[in-house]
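Following: one structure in structure tokens, then a few remarks.
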Amino acid sequence: MLRLHDTSSGALQPVEPTTGPFTMYVCGITPYDATHLGHAATYVTFDLVQRQVRDRGHAVRYVQNVTDVDDPLFERADRDGVDFRDLARREVALFREDMTALAVLPPDAYVGVEESMDGIVEKILALWDAGQAYPLPVPGESSVDVYLDLATEPEFGQVSGWTREEMLAVFADRGGDPDRPGKRDRLDPLLWRGARAGEPTWDGGRLGSGRPGWHIECTAITIDHLGMPFDLKGGGTDLVFPHHEMSAAQAYGLGGGAVFARHYAHQAMVAYEGEKMSKSKGNLVLVSRLRHEGIDPMAIRLVLLAQHYRRDWEYTPSLRADAQDRLARWRAALSGNVAPAPQEAVDGIRACLADDLDSAGALAVVDAWADRALAGEGEDPTAAGVLARTLDALLGVRV
Ligand SMILES: [Zn+2]
């Protein structure tokens, strides 16, 4: 059984389904800039999950969104004088190229907001009609904003387990608007942003023209592509609150209090030069730049796999050098005609990954086998082939 640390319960839990396919949703990028190592860490982590679950014989249905309707995208397009759709198309193409290079298995459905607008509007209207949302007039415009009324969602707070004070401390920094006059609760999340002069808008039917808030975009896409409940929701730890908490609150409303995701898992943050890697700080290590510098994408993947997904870490060039050395050692070990029997290593890799994705432990198992092979141990002519296929299938490392 694959066991993962569940954010919501704070405990290690088996995540495999008892019947049917394993259903997983991972929040996707806002396509206004290139993929950095922090993003890549998230998608490689959930790629390991998918590979583990498949290895155990389950089918997987994996949905990922792309936030192609959101403020940062519009702001960057404005700044650069380009159409936001052209910018999004270009960045999505680069993201997919990066993911392919890193051997990340693609989602079954890669879903944009714009193409999902009807389903999103329908969900907002359902919450409104059920008395779980309320409008606020937009000053100086004839449109309305619509907010979720958190007082109608008693399950709110289950995902993060945070106190109200902890929530309010980060809400404004993470896209919230606690000081908007007229809100019933400062934490109520925006469901629909009414039209404002100069902003892109869509037809919201009875909502009027405008565009959806970020959280309801993911909620609606999840429900329309996976249903609820589903098995695993994932993303970076910076999405625990408000994004995943608010998405769940909306889904409880839509599902009449049902469970949304059975499990939540979150990738820790990656730092560079002393601070969390982020677009706003500009301290990014881009996957595409490393690739263009000639770094083997498998070495980039090994940099990520050498870290546990639940521990924050800082990227340094020496980590990259270590990964390049490791890859070269593995390739040398796998190029011999005979080598130590592989089964113990295969079992060891499986056991490490099943234990909350101990990828660093799995790499150490391969290192130990490679050391023995390079020392001339073993006489198994099939070992290298078996181990190479195992590394490909379970770790996504192609040697
Ligand atoms: Zn999301």
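The values are calculated or read from the model by the stated rules, or taken from the named source; none is laboratory data. Because the structure is a prediction, the values reported are computed rather than measured. For neighbour counting, all protein chains shown are included, and Cβ atoms are generated from backbone atoms with ideal geometry for every residue, glycine included.
GLY274 meets each of the listed conditions (1) touching a helix residue (DSSP H, G or I) at 6+ places or on another chain (Cβ under 7 Å); (2) modelled with pLDDT under 95 apart from (1). From the list PHE22, PHE46, the one residue that fits, being buried (at least 24 other Cβ atoms within 10 Å of the Cβ) and closer than 20 Å to HIS244 by Cα, is PHE46. The number of residues in region 281-311 that are in contact with a helix residue (DSSP H, G or I) (Cβ under 8 Å, 6 or more places away or on another chain) and among the acidic types (Asp, Glu) comes to 1.
Pick out the one residue from THR222, THR201, THR237 that is of a type outside the set (D, E, K, R) and more than 14 Å from the ligand (Cβ to nearest atom). Reasoning before the result, please.
Numbers: THR222 fails: more than 14 Å from the ligand (Cβ to nearest atom); THR237 fails: more than 14 Å from the ligand (Cβ to nearest atom).
Only one candidate passes the filter, namely THR201.
Restricting attention to region 290-344, which residues are of a type in the set (Gly, Ala, Ser) and free of Cβ contacts under 8 Å to residues at least 24 places away in the same chain?
Result: GLY294, SER318, ALA321, ALA328.
Consider TYR25 carefully, then state whether it is in contact with a Cys (Cβ under 9 Å, 6 or more places away or on another chain), of a type outside the set (Val, Ile, Thr) and either farther than 22 Å from LEU232 by Cα or touching a residue at least 12 places away in the same chain (Cβ under 8 Å) (or both). Yes: the conditions hold for TYR25.
Among residues of region 203-249 being in a helix (DSSP H, G or I) and among the aromatic types (Phe, Trp, Tyr), the one that is surrounded by the most Cβ atoms within 10 Å (Cβ to Cβ) is TRP214.
Do the conditions hold for LEU148, that is, is it within 15 Å of the ligand (Cβ to nearest atom), buried (at least 21 other Cβ atoms within 10 Å of the Cβ) and touching a residue at least 60 places away in the same chain (Cβ under 8 Å)? Criteria not met by LEU148. Taking (1) crowded, with 18+ Cβ neighbours inside 10 Å; (2) in contact with a helix residue (DSSP H, G or I) (Cβ under 8 Å, 6 or more places away or on another chain); (3) more than 30 Å from LEU304 (Cα to Cα) in turn, VAL113 satisfies each apart from (3).
Residues in region 286-313 that are of a type in the set (Lys, Arg) and over 19 Å from ASP355 (Cβ atoms): 3 in all. Considering region 15-41, the residues that are part of a loop (DSSP other than H, G, I, E, B) and under 11 Å from the mean Cα position of the chain (by Cα) include one that is farthest from the ligand (Cβ to nearest atom), namely ILE29.
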